Amino acid sequence: MQKITINKILKKKKKTPITCLTAYSKNIAQIADKYCDIILVGDSLGMVLYGMKSTRLVKMDTMILHGKTVKNFTKRSLVVFDMPYKTYTNKFTAYKNAKKVIKETKCDAIKLEGGKKIVKIISYLTKKGIPVMGHIGLLPQISNSYKTKGKNLKQKKQIFEDALAVSKSGVFSIVIECVIESLAKKITQSVSVPTIGIGASKYCDGQILVTDDILGLSDLSPKFVKRYSNLSKVIEKSIKSYVKDVKQRVFPSNKNVYK
Ligand code: KIV
């Protein structure tokens, strides 16, 4: 078992697609660890697990609890911790919070959402030895709508400039979220670090999706998601059968009883 390091991720650019998924729990982390290069403890857990209206409502303590669990049950993949909203408003706050996260969760890196505006913060953290993954394009902590980015000239220019600025700030990779194909391709060809796409085409150096989405556990299914299972249906069927068995006294059977 060879641990995936940041160096290994960097070397994959233009060579091997980087595979990433989110995990918030022990059970998913243990399975994803067998196959994925990167596991992200995403703040999407606020909406996916806790039914919150926005990732802006996710608190640091909640993220730390999930981060610790995921990292504890991961042996191989690189584990990235998504810094919650307002925990990196300036470089000093960001450093204080990032140090706490790394100390308490032992995660391998953190992720910050933002372009040119947060470049000084990213540079400060990376110079202090904190590995950072960038995140540009659609920014759920800032944006109120989940519309594709880069469709008009102004947005195209802004996102491209964000990509160049973030790539020079010391990040080891950049998530590009919900961006049109041609722009994601241009960014990937122009930056030296790997790009990880979510709704950003096959031209990125790697792909990430929310695990609950690929398993068919979430209500929403944007166009960029591919569903590999329909776990909601599987769970519903199992619960229905259990309830029926209990009502008909079929469960517990002799097999389930201590004598
Ligand atoms: O929070 C998250 O899960 C994310 C991914 C969607 C990239 O940021």
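The values are calculated or read from the model by the stated rules, or taken from the named source; none is laboratory data. Everything quoted here is computed from the prediction, not taken from an experiment. Positions of Cβ are generated from backbone atoms using ideal geometry, with glycine treated the same way; all protein chains shown enter the neighbour counts. Only protein heavy atoms, including side chains, enter the accessible area calculation; ligands, DNA and RNA are left aside. Shrake-Rupley method; radii C 1.70, N 1.55, O 1.52, S 1.80 Å.
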Considering only the stretch 212-220, I want to know if a residue exists there that is within 16 Å of the ligand (Cβ to nearest atom) and of a type in the set (Val, Ile, Thr). yes
What number goes with the only condition from (1) open to solvent by 10 Å² or more (accessible area, probe 1.4 Å); (2) under 19 Å from Met133 (Cα atoms) that Gly67 does not pass? (1)
Residue list for the stretch 120-136, filter: in a loop (DSSP other than H, G, I, E, B) and open to solvent by 50 Å² or more (accessible area, probe 1.4 Å): Lys128, Gly129
So is Lys111 within 19 Å of the chain's Cα centre (by Cα), within 16 Å of the ligand (Cβ to nearest atom) and not hydroxyl-bearing (Ser, Thr, Tyr) or not? yes
When the residues of the stretch 36-57 are narrowed to those that are in contact with an Asp or Glu (Cβ under 9 Å, 6 or more places away or on another chain) and under 19 Å from Gly216 (Cβ atoms), which ends up surrounded by the fewest Cβ atoms within 10 Å (Cβ to Cβ)? Leu49
If you go through the stretch 104-119, how many residues are in contact with a Lys or Arg (Cβ under 6 Å, 6 or more places away or on another chain) and in a helix (DSSP H, G or I)? 1
Does at least one position in the stretch 223-231 carry a residue that is without any contact (Cβ under 8 Å) to a residue 60 or more places away in the chain, farther than 25 Å from Lys185 by Cβ, over 15 Å from the mean Cα position of the chain (by Cα) and not in a loop (DSSP other than H, G, I, E, B)? yes
Could you say whether any residue in the stretch 75-87 is surrounded by fewer than 19 Cβ atoms within 10 Å (Cβ to Cβ) and aromatic (Phe, Trp, Tyr)? no
Just wondering, is there one or more residues in the stretch 6-22 that are open to solvent by 40 Å² or more (accessible area, probe 1.4 Å) and within 20 Å of Val225 (Cα to Cα)? yes
Condition (residue is over 13 Å from Ile118 (Cβ atoms) and within 14 Å of the ligand (Cβ to nearest atom)) applied to the stretch 164-175: is it met by at least one residue? yes
How many residues does the stretch 220-259 contain that are at pLDDT 95 or above and under 30 Å from Lys202 (Cβ atoms)? 11
Among (1) closer than 21 Å to Met133 by Cα; (2) within 15 Å of the ligand (Cβ to nearest atom), where does Lys3 come up short? (2)
From the residues in the stretch 208-259 that are among the aromatic types (Phe, Trp, Tyr) and within 30 Å of Thr148 (Cβ to Cβ), which one is most open to solvent (accessible area, probe 1.4 Å)? Tyr228
Can you pull out the residues in the stretch 22-51 that are within 12 Å of the ligand (Cβ to nearest atom) and either over 23 Å from Tyr146 (Cα atoms) or not hydroxyl-bearing (Ser, Thr, Tyr) (or both)? Ala23, Ile38, Ile39, Leu40, Val41, Gly42, Asp43, Leu45, Gly46, Met47, Val48, Leu49
